[in-house]
Amino acid sequence: MGILTGWGMPEIAAQILIGFLGIFVLVALLMVLDIFLVWVERKVVARFQDRIGPNRLGPWGLIQPFADIIKLIIKEDTTPGGADKVVYNIAPMLSMMSVLILWAVVPLAPRIIGVEDLNIGALYIIAAGAIGTLSIIMAGWSSNNKFALIGAFRQVAVMVSFEIPMLTMLLIPTIFAESMGLNAIIEAQDIWFVWLAPVAAVIFLIAAIAELGRAPFDMAEGESELVAGFNTEYSGMKFGMFYAGELLHAFTFGGFMAILFFGGYRFFGLEQVSAFLAIAIIVFKAFIGYWIIMWVKYTLLRIRIDHMLGFNWKFLTPLAFVLLMVTALMNALLAGYRDGSSTMWIYVLGMFLSNVAVGWIALEVARAYSRRERQKVEGAKKVATT
Amino acid sequence: MTGEQIIFILTALFTLGSGFMVVTSRNLIHAALWLVSALFGVAVTYALLSAAFLAVVQVVVYIGAIAILFIFAVMLTRKDMRDQGPQMNSNWWFGALLSVLVFVGLFFLLQGWNGLSRTASEIPAGFDAISELGDALISPDAYVLPFEVASVLLVAALIGAVYVAAFNRK
């Protein structure tokens, strides 16, 4: 900044220029990362399906994603007849944007934050998700295609419903850290929040996968029934934007898992050594989260839409609310033990046990319910005689 | 003119323009999408006022929930979403009169208010707006009663919606 003002640039202009440069560098790095995420995703899915994956171009097929990009760019850019052109063209951009703006609040290292240390970081995640929802419904509607519209309907129904447990689970790290800022949440994690609230971490992961629209929640795509869901009519780079957006979104939510429950850039004090090390730690943790999301995607089968919404409204949402209340109550009751490091273990153990107890009771209730339902359908279970 | 004023004027024009398009657009879905952009403009205005929490809540609640439900409802009601009829009905002069009266009333009211010419006091460093807001919402001296009344109203609406949806099937 000193250089720019030294060249005779007014201070305000220099500030704006530096701000834009920062955003540009961050977005450029993310897009380059995104190119390699395509390769990572294809390699990992190949291993899950007992294949090798891309291996022809370059070492370990590393140049494959560039070939994919060239293919997408030179592909014919089609617009379906009767499509609403403006909306149709805005939708992929909004989809990509909803992912990129998430990085504005991601704390990469103790003093490096995407744009600003907003003290509403946790809520900002949900707001960005709202724009993603909007992009999907725009894409589905403007394509003038019944499959696309049905896919968009399903996806939006899922996203709107799973937003509720997700928002509720975002409040749990907020309770522990006494702040909604993501940086403050990381700073407060002398003990990873996953030890204080393991069930919350699992619910957040489930809600995040649903929000991403990945299997087992990928009803929007449902290729056996809907061709490709909301992006059926998109071709070339417009489809590429949806696809790249989805991959980066998954990676980003891996990062949020790390930030909210696994200590973010903190790793036994290593983050204090160098900012680059801190960034490496958070990227590594984000990749682990991303890998778990891929693991779930390529292992589980798709769930039927009514089961999925039933699961959310009848199980996940009540559980999330009860969990939030229990956590807040236990946090208030055990607050006295939290300050002293000698009594810290009582606090941690209390939080952990109460959390697991709530999760276990919820599973038992769900099991009893499903047993009753099954009996209604099948009649009383015959006792096996051996 | 400061940078902030330029941004404010652009935002205000964007919001008002979107609002105008909401009522004049003939395609219902387009009207809903223009509504989204108008609501987004309001969120930007909140952000300019350093009310980050309100800005984000505006996006979450109005764009994420209400506008999406609007679009959903519009898509479920009609096949052809283009409105062919006239956009004015015979009461247009009454509406125009009412809005002119409101404008004139506000104009005279704001003439006597000195808030427009005052500069806002600086927000002190370390001021945590969310904590203040949270305290105000549940403090008996401040807004606990309106807050609770609003919650009860929303719960009543929720129960009503469930009742209509679940128990009115013939």
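Laboratory data are not the source of any read-out in this text; all were calculated from the coordinates shown. The model shown is predicted, which means the values in this text are computed figures rather than measured ones. Note that each Cβ is placed from the backbone with ideal geometry, even for glycine, and that neighbours are counted across all protein chains shown.
Extension gain, residue B:119-residue B:102: 0.36 nm per intervening residue step, less the Cα-Cα distance, totals 3.5 nm. Relative contact order, whole percent, for chain B stands at 15, derived from Cα pairs under 8 Å and 6 or more residues apart. Chain A: longest stretch without exposed trypsin sites (Lys or Arg not before Pro) (DSSP loop, at most 16 other Cβ within 10 Å), sites themselves excluded? Result, exposed sites excluded: A:112-301. Across the stretch A:79-303 the C-alpha pair distances fall into 10 Å bins from zero in the proportions 9, 33, 33, 18, 7, 1 percent. When the stretch B:1-155 is described by a simple charge dipole with +1 on each Lys and Arg Cβ and -1 on each Asp and Glu Cβ, the residue from B:112, B:33, B:151 located farthest towards its positive end is B:33. Extension gain, residue A:349-residue A:361: 0.36 nm per intervening residue step, less the Cα-Cα distance, totals 2.5 nm.
Histogrammed with a bin width of 5 Å, the alpha carbon distances of the stretch A:250-313 distribute as 4, 18, 18, 16, 15, 11, 7, 5, 4, 1, 0 percent, first bin at zero. If you take the Cα centroid of the stretch A:347-362 and the Cα centroid of the stretch A:242-283, the two points sit 27 Å apart.
Panel note: the C-alpha atoms of the stretch A:1-74, placed on their principal axes, show extents of 60, 27, 19 Å (largest first).
Rounded to the nearest 500, the helix-only mean residue ellipticity at 222 nm of chain A stands at -23000 deg cm²/dmol, with each DSSP H run of n ≥ 4 adding -39,500 (n - 2.57). When all alpha carbon pairs of the protein assembly as shown are counted in 10 Å bins from zero, the resulting P(r) reads 3, 13, 25, 26, 19, 10, 3, 1, 0, 0 %. For the set A:85/A:146; A:314/A:376; A:75/A:146, the pairs lying more than 21 angstrom apart at their alpha carbons are A:75/A:146. Across the stretch A:104-221, the volume of the C-alpha convex hull divided among the residues equals 100 Å³ per residue.
Note on the stretch B:104-150 and the stretch A:164-213: Cα centroid distance 31 Å, given to the nearest whole angstrom. Over chain A, with a Gaussian network built from C-alpha contacts below 10 Å, which listed residue (A:21, A:167, A:30) shows the highest mean-square fluctuation? Among A:21, A:167, A:30, the largest mean-square fluctuation in the Gaussian network model of chain A belongs to A:21.
If you wrap the tightest convex hull around every Cα atom of the stretch A:125-184 and split its volume per residue, you get 59 Å³. Each Lys and Arg Cβ is given +1 and each Asp and Glu Cβ -1; about its Cα centre, the stretch A:10-90 then shows a dipole of about 440 debye. Sequence-distant contacts, meaning Cα pairs under 8 Å at least 6 residues apart, place the relative contact order of chain A at 18 percent.
Take the Cβ atoms of residue B:69 and residue A:46, set R0 to 51 Å, and the FRET efficiency comes out at 0.80. Here the 3J(HN,Hα) profile of the stretch B:140-151, calculated from phi with Karplus coefficients 6.51, -1.76 and 1.60 at θ = phi - 60°, is x, 6, 10, 10, 5, 5, x, 4, 5, 4, 4, 4 Hz, Gly and Pro shown as x. Helices of chain A meeting both criteria, an alpha-carbon length of 27 angstrom or more along the long axis and an average Kyte-Doolittle score not below -1.0, with helices taken as full DSSP H segments, are A:11-48, A:121-142, A:146-177, A:236-261, A:275-299, A:344-378. For residue A:376, put the label point 7 Å out on the Cα→Cβ axis and report which residues of the stretch B:148-168 keep their amide N under 17 Å from it. Backbone N within reach: B:166-167.
With both labels modelled 7 Å from their Cα along Cα-to-Cβ, the residue B:12 to residue A:338 distance reads 4.4 nm.
Projecting the alpha carbon convex hull of the stretch B:1-83 along each direction and taking the average yields 5.4 nm². About its Cα centre, the dipole of chain A is roughly 1320 debye, where the only charges are +1 on Lys and Arg Cβ and -1 on Asp and Glu Cβ. Legend: translational diffusion of chain B by Stokes-Einstein, Rh = Kirkwood radius over C-alpha pairs, 20 °C, 1.002 mPa s; D = 106 µm²/s. Note on B:52-65: average number of Cβ atoms from other chains within 10 Å of each residue's Cβ is 6.
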